[in-house]
Structure formats: C-alpha cells, structure tokens
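Working notes for the structure below.
Please treat every number below as a calculation from the coordinates, not as lab data. Since this is a predicted model, take the numbers as computed values, not measurements. Every residue, glycine as well, gets a Cβ built from its backbone with ideal geometry; the counts of neighbours run over all protein chains shown.
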C-alpha cells in the first residue's frame, strides 16, 4: 500500500486545509449521502477550491469493485452494478473483486458529449453483433467524484447531461437504434468564479448545495495558509505524516456516518418547519425541501446522533437554499442573509 502511495502524486491533506468551512462541510455531507445532489462551489480565484476537492477524494476509504469491469461495479448492490455483472451473478458465476481508491474524475472544459457519455462502435455492432462500448467520463466516475472546474463556462447542454446522470444514477447512450445503459452514481462537484458569469437558475437549482468561498482577510490566518502550503511543497510526505492521525479520525467519522445515515430520524414538526421556510422564501419546486431534509440527516449522522435537531437544520439550510432564491438570471446569488433571517424567525 505504501509503495503505491509513493508512486502517485501526493495530495494535500484535507484536515490541513485552513478555513473554508462551508466548502469542507458541503463536501463531507455529499460524501456521507451522495443523494444530496452534489455541491456548487463559487468563489474568488486562488482560494483552494481544486485542492480541497482533490483532498476529500484522497481521504475517502477505498471501494470494492469487480475485476475487469469498466464501470467500477459494486459486487452486491444492484443499483451500482453494470448489466454484464448482473448477468454473471444470475448465471451463478463467481465474481472476483479488488479494492481501489475512490475515482476522482476531472471534466475538461473542451469535452465533447461523446467524451462525457461514451460511444458505441456501430461498425462492430453491425458486423459482429456485439455492443462495443467505449466508456466515457460518466462511466469512470461511477461511485466516485466528478469535478467540473469553471462549470459556469461549460456548455449548458453538457451541464444538463451531467445533472441528469447525477440525479438518476444512470447514463444511457443511444446510437442508430443501439442502446447501452450503465450505472453512473457520483458526487457532482462544480466550481467557478462569479466574475466569469453565473449558471442559469434552472441549472443552479439542480445542485444540492451551494458553498460560497471568500478570500481570507485575517493576516495571521493568511500566513498560516501560506506556511502550510510551503511546508507541503517542500516535503509533502512529512506533511501527510503529520496529519495522518487527523485524516484517519475523519475517515472513521465519515464511514460511521455513512452506516448510521439510514437510522437517523427527523421529527415531523421539523420537516414542517423546513417546508415553511421554503414557502416563505418562495423557493420553486420541492428540491429545496428534499435536499435540506437529506443534508440535515447527513449532518446529524456526522455528529453521531440518532435524531435531527434544530441546530442541525440551522447548520445546513443556508447551503441548501441560498442558490434557489434567484428568479431572474441577472440577479446575484443571495449571500445567505435572507435565508438566515427567515430561519431565525421560524426556528427560534
């Protein structure tokens, strides 16, 4: 295991990242419950967005996948399994598995639809009668994290495909009457700089959470960040070693929260309060209600609790609703003050 780590490029430890609590919390909650629907991270240049996203992927426990399967199929969960693996199981064949790091896939801005979804070799299909599928990034990202930097500059059509796959957990490629469908469950993380343009409200609404990143103003904190980075660049492995214990603790907490999530309850009265807040804020549709319920349960599981409390809702509701308030594409995203105001009125 150590040999593999030494051969790969060292990743800055997640627990060594100073500040940016909104972004860190959003990522952790999406990892605990991927059905929250991903996170959109908007903020200034040079605030460690990419570093933090790579760090959370590196922190996660390894996953068990089926040998020689291009979709990272799960050996027992039907929802995370390709049709080929399902057929092998139904025929009673023994399936070999091995453990890999959680896939962290970058979507480049210039990517085409074929690169994203995959392609079918029509010639092989017609001549040899076999479905020769060349997997795209959605196949490689199954059970992992798909990261789109500068998502606000990505073609709207591709963003639609991404969000549809993230929501349904499946990707279907159809060409000339031939169809291939495969699992595509991933945590979608988008980042961008508001100065370069905003996403349309309809697309923004499809992201589960929205974290705002601001440049740290406190001089002593800035020095701490600079020193931490310099130390890592100088000797990455000793820096990783220094934070190993904290990394292991956080990893254990996340695994525990993932196991506990299904047992966490949220009281009916609290659900009503969440919906009341969404109603007062005039949030379109029910995504805001659903995501806030999910995020509150994930946060409670993260705190190792069986019941969601008012404090859990307060901790996540701004992240879940602030990007759903825009009705006009020319409006700026509310920084959270409007949400906080209503939350305080209802929850206090």
Residues 320, 239 in order from fewest to most other beta-carbon atoms within 10 Å are 239, 320
Quick one: angle between helix 244-260 and the longest Cα principal axis of the chain, in degrees between 0 and 90, rounded to 10, please. 80 degrees
Nearest-ten-degree value, helix 49-59 long axis tilted from longest Cα axis of the chain: 60 degrees
What whole number of Å gives the distance from the Cα centroid of the stretch 147-188 to the Cα centroid of the stretch 43-83? 16 Å
So what is the orientation-averaged projected area of the stretch 4-124, using the convex hull of its C-alpha atoms, in nm²? 10.9 nm²
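For the stretch 179-222, report the convex hull volume of the alpha-carbon atoms normalised per residue, in Å³, without decimals.
It is 151 Å³ per residue.
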For a quick check: sort 273, 246 by the number of other beta carbons within 10 angstrom, fewest at the front. 246, 273
Relative contact order of the chain (C-alpha contacts under 8 Å, at least 6 apart) in percent is 21 percent
Residue-span extension gain [residue 341 to residue 62] - 0.36 nm each, minus C-alpha spacing: 96.3 nm
If one builds a Gaussian network model of the chain from Cα atoms under 10 Å apart, the most fluctuating residue listed among 265, 30, 293 is 265
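For the stretch 158-296, report the convex hull volume of the alpha-carbon atoms normalised per residue, in Å³, without decimals. Intermediate values should be presented prior to the final figure.
Values: hull volume 34.0 nm³, N = 139.
Convex hull volume per residue, Cα atoms: 245 Å³.
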Beyond 21 Å, the calculated P(r) of the stretch 261-347 holds a percent of Cα-Cα pairs equal to 26 percent
Per-pair calculated FRET efficiency, R0 = 22 Å: residue 83 and residue 259 via Cβ, rounded to 0.05: 0.20
Projected area, mean over directions - the chain, Cα convex hull, nm²: 20.3 nm²
